[in-house]
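The values are calculated or read from the model by the stated rules, or taken from the named source; none is laboratory data. Please read these numbers as outputs of a predicted model, since none were measured by experiment. Don't worry about glycine lacking a Cβ; one is built from the backbone with ideal geometry, like all the others, and counts go over all protein chains shown. Remember, those area values only see protein heavy atoms, side chains included, never the ligands or the DNA or RNA. Shrake-Rupley method; radii C 1.70, N 1.55, O 1.52, S 1.80 Å.
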Amino acid sequence: MKKISRITKTLSTALTAVVLLAFICAVGVLTVSKNRETLFSSSPDAGGVKERIVVSFDDNLVGFDRFKSVYSTAQRLLGTSVYDDAGYTYLIRDSENNLHFNTIHADAAPYADAVAELNEALAAKDIPFLYIQAPTKEIEGYTKYPMGIKYATVENAEDMVYELGLRGVDMIDLSTVFAENGTDPAGMFYRTDHHWTTETAFSAFGYVVSYLNKNFGLSLNNELCNPEKWLTETQNEVFLGSIGRRIGKEAAGLDDYTFLEPNFETSYEVYYPKVSEIYPNWAGDFRAAFVREGVLYSEDVNANRYASYFEYDFGHLIIKNRLADNNLRVAIVKDSFALPLTAFFSTVVSEIDMIDLREFEGSVTEHLTKSAPDIVLMLYSGGSFSDVMYEFDK
């Protein structure tokens, strides 16, 4: 009997292994078939072999959404608040059902040094500079993490503000601004995404305009920051954000998305400075120039609705407001938090030079000192601590 039992156990193990291998092979074959155009593309835009494989087997793996749903549902039933994640070590769900990336602590001093050097180079050309620290999703008195979890975004942001203060850089800390204004923390960020909501970005737009008028002697039209001057359109439960997409909608549900556009006449030209067929050249009113309706009205909850404005973090865009009531030229050095805010801010200035170091070619310092805008704004979040985001002189 023991011999029969051992044989049965061996056969069972072997059968399980065969079934598992067959399943893995089937998923692999179907994924290759699904992504054959990408995998075997000869176009330089498709990237190298490694990039094409990553896109195919990471972003477009057959059945991946179902795998995530099963995993997320099981974890939710077990009461899990921390999810393993290969890219971020783990993801966190707080007591208010908001999802967070795990962020490790980084030394702010070298990054503050880089900003201070940029500020000094601009000051030598009499170009004003203002650093704007985006708010953090961890909000004091509201965000509560599972026991033992330490999230470093707030620490990073506070360290950066402190270090810039030591170096005499003009700055705004929007976390402090929103706290002092009594902004409802429940509506400041998307539950499943790491970005602020459109409404929060609009509030920041109004504050920045007032701050620039008061502290930099500008005369920007404050009336255009009035919510009554803007149309709003809310879509309910349509958006699975950057964190939710990694673990499935079962973890925290879906977010609502609110879109804002001017309720006044607008006319723009938005283009990439280098002539190329693959880069944008948009013209028309606010919606035509900034809004990508294929993203905004996508039926796919995985579509990145946060990027309904611009759609992508282009390395360099020129934005010309053809109906501006001034000749003010502004440069905005940004991370993705600036996408909606830049679109809103375009209504009160003549021209914006929008720069994202992740894809900008050349030296930002050299470009800004030569183009000589009337003012340079830098809007970064506490999650943007990386060398590439501060290489102003590459």
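Restricting to region 366-381, name every residue that is open to solvent by less than 20 Å² (accessible area, probe 1.4 Å) and in a helix (DSSP H, G or I).
Scanning region 366-381 gives a single hit, 368.
Could you check region 238-357 for helices (runs of 4 or more DSSP H) lying wholly inside it with 2 or more residues that are over 23 Å from residue 97 (Cα atoms) and open to solvent by 30 Å² or more (accessible area, probe 1.4 Å)?
In region 238-357, 286-290, 293-296 are the helices (runs of 4 or more DSSP H) which contain 2 or more residues that are over 23 Å from residue 97 (Cα atoms) and open to solvent by 30 Å² or more (accessible area, probe 1.4 Å).
Filter region 196-229 down to the residues that are surrounded by fewer than 18 Cβ atoms within 10 Å (Cβ to Cβ) and outside any helix (DSSP H, G or I) and list them by number.
Hits for region 196-229 are 216, 217, 219, 221, 226.
Select from region 94-124 the residues that are farther than 28 Å from residue 363 by Cα and more than 19 Å from the chain's Cα centre (by Cα) and list them in ascending order.
94, 95, 96, 97, listed by residue number.
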